[in-house]
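What follows is a set of notes on a single structure, which appears directly below.
The values are calculated or read from the model by the stated rules, or taken from the named source; none is laboratory data. The structure displayed is predicted, hence computed values, not measured ones. Here the Cβ positions follow ideal geometry from the backbone for every residue, glycine too, while neighbour counts run over all protein chains shown.
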Amino acid sequence: MYCNNCGAQIPDGTKYCTNCGADSGLAAQPAKAQSQPEYSTPQQQSAPYQQTTPQYSGTQPFTPPPAHYHKRKEPALAVILSWLVILGSGHIYAGKPGKGIGLFFGGIACIGVTYGGIFMMLGYSSMGVSIALMAIGGIGAAILALYTHIDAYRTANKYNTFLQLNGRPPTSNDNW
């Protein structure tokens, strides 16, 4: 049986889709008791790699998922990518590559300021300027990282909302 909302295959008699949570229109049915297995004679195919459409029985007709079916973006994965991989990778995954690249270079700038303070300290320059640079770079990197994680989550949710409302993923021309 297939979900009318997203096209995912779900077990027969399931009340809600396990992929999108949509109501299948059926009341939940208890599993059938196993009496005797049904055996059928195998059908011979004319070509070895010929694909056939399976026949389904039940109240819901077989409807394959559309050819242009697009998957949702997982907001938690967007956060994990931006946290574990590099800043901005969660935005690239969620469909905002320009913003992701900008955040990546912002993170590089913050790290550069921090290392600049460290190298100034090692070079016996002004201790006050060195500490100030390290503090500015470190605080800037922490704020940028926090913003990136929160915004990657929100961006993935916006992507999913746009996909659900329009039936297609957003493009750069869409204001999402």
Counting only residues that are among the hydroxyl-bearing types (Ser, Thr, Tyr) and surrounded by 18 or more Cβ atoms within 10 Å (Cβ to Cβ), which one in the range 120-151 is modelled with the lowest pLDDT?
SER130
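Across the range 69-85, what is the total count of residues that are in a helix (DSSP H, G or I) and free of Cβ contacts under 8 Å to residues at least 12 places away in the same chain?
Filtering the range 69-85 for residues in a helix (DSSP H, G or I) gives 75-84.
Subset that is free of Cβ contacts under 8 Å to residues at least 12 places away in the same chain: 80, 84.
The qualifying residues number 2.
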Single residue of GLY117, GLY95 found to be buried (at least 18 other Cβ atoms within 10 Å of the Cβ), in contact with a Phe, Trp or Tyr (Cβ under 8 Å, 6 or more places away or on another chain) and of a type outside the set (A, V, I, L, M):
GLY95
Extreme residue, farthest from the chain's Cα centre (by Cα), among residues of the range 115-144 that are closer than 23 Å to GLY88 by Cβ and small (Gly, Ala, Ser):
GLY116
Considering every residue within the range 152-174, establish whether at least one is among the acidic types (Asp, Glu), in a helix (DSSP H, G or I) and within 24 Å of the chain's Cα centre (by Cα).
no
